[in-house]
Amino acid sequence: MKINGAEINIDFLAELEYFDWSKNVIKGDKFQACSPFRAEHNPSFAVNLENGLWVDSGSIDEKLHKGNFISLLAYLRNEEYEEIEDYLLQKYSTILSDTEDLQLNLNLCMGKGQYKTFSKEFASQYYKKKDVYLTNRGISTEVQNIFEIGYEDKMTAIVIPWHDNRGNIVTFKYRFTERKEFFYIKDGQHIRNHLYGLYFCIKMKAKIVYLCEAEIDALTLWTYGYFAIAVGGSSLSDVQKNLILNSGIEKLVIATDNDQVGHRFRNALKQELAAHMTLYDFKFPSGKKDINELKESELFNSCESIAHPKIFLKI
């Protein structure tokens, strides 16, 4: 898909899975479900997973009959069209692996040729506020404090800072507590240049680390005593790959989501990393989609099968 002249490869299915759908099913290259624009009992809404174009065949409103993927996300996320363009560019833009080219790419994104970071003082406006959302999802207060997670009460959103591998805050993710939507601070860095949790793994000299898609899955593993990082999506950029290879990690447990997208990502990770380190598959119990869905006993059973010691948090 082309956005502002840039050709980007969007994982349309992964984006759709952030939202709640009724009677959704995948048929070939089509995602089908009941319309998000109106109430209906028989699905008449479909998204082409190859190009992101959508059609609502049961709609009598011309504006809600068909459109591109950006217009759909703008409606689902209740954001402006331009904001969705920025979000998709930030998340999926191709990042060059060459160091010199990487610096150029970052400079263009920053506008003034600077490596943008945020001060602890800026982060404190969120860090001083807390919400029970993550606690209710099994994330310990200790881990939330270590990862400097806060809350934005006007938006009713938890605020998740992303750090670079030196501990600098490079962006903030705002995750609404009342609906399954999120966005990133506008002037932050691309998350595809970083790995969530990697700084803390490096600081603790972690040798065996779990790799997840979402931050909350990584935080769940940290809560129960296992080192973990999150990609923030379902694909690995060249920059993220190099960060892993230069982190000191020796063994990687692939714990991507237990769904079609996660399985595809798992296979891609094996192709990218198998020649460089020891890889393990995380075995999910039947019917469980991701790490955060697991009961404590289920998580321990799966982790113990990999046979490595738990950690004690002293960061």
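Pairing residues of the stretch 261-285 that are on the phi > 0 side of the Ramachandran plot with residues that are among the acidic types (Asp, Glu) and part of a helix (DSSP H, G or I), at Cβ distances under 6 Å and at least 6 apart in sequence or on separate chains, gives no pairs at all. Restricting 285, 309 to residues that are at pLDDT below 95, farther than 21 Å from residue 165 by Cα and touching a helix residue (DSSP H, G or I) at 6+ places or on another chain (Cβ under 7 Å) narrows the list to 285. Where strands (runs of 3 or more DSSP E) fall entirely within the stretch 150-209, those with at least 2 residues that are of a type in the set (A, V, I, L, M, F, W, C) and at pLDDT below 90 are at 182-184. Among the residues of the stretch 46-70, those identified as surrounded by fewer than 17 Cβ atoms within 10 Å (Cβ to Cβ) and of a type in the set (Gly, Ala, Ser) are 57, 58, 67.
When the stretch 128-148 is filtered for residues that are in contact (Cβ under 8 Å) with a residue 24 or more places away in the chain, buried (at least 16 other Cβ atoms within 10 Å of the Cβ) and either out of contact with any Phe, Trp or Tyr (no Cβ under 9 Å at 6 or more places or on another chain) or assigned to a loop (DSSP other than H, G, I, E, B) (or both), the ones remaining, listed by number, are 131, 134, 138, 139, 140, 144, 147, 148. Within the stretch 9-20, is even one residue modelled with pLDDT of 90 or more, among the polar types (S, T, N, Q) and surrounded by fewer than 17 Cβ atoms within 10 Å (Cβ to Cβ)? Looking through the stretch 9-20, none of the residues is modelled with pLDDT of 90 or more, among the polar types (S, T, N, Q) and surrounded by fewer than 17 Cβ atoms within 10 Å (Cβ to Cβ). Look at (1) crowded, with 19+ Cβ neighbours inside 10 Å; (2) more than 18 Å from residue 276 (Cα to Cα); (3) more than 16 Å from the chain's Cα centre (by Cα) and you find that residue 206 fails only one, number (2).
The values are calculated or read from the model by the stated rules, or taken from the named source; none is laboratory data. What you see is a predicted model, and the numbers here were worked out from it, not measured in a lab. Neighbour counts run over all protein chains shown; Cβ positions are idealised from the backbone, glycine included.
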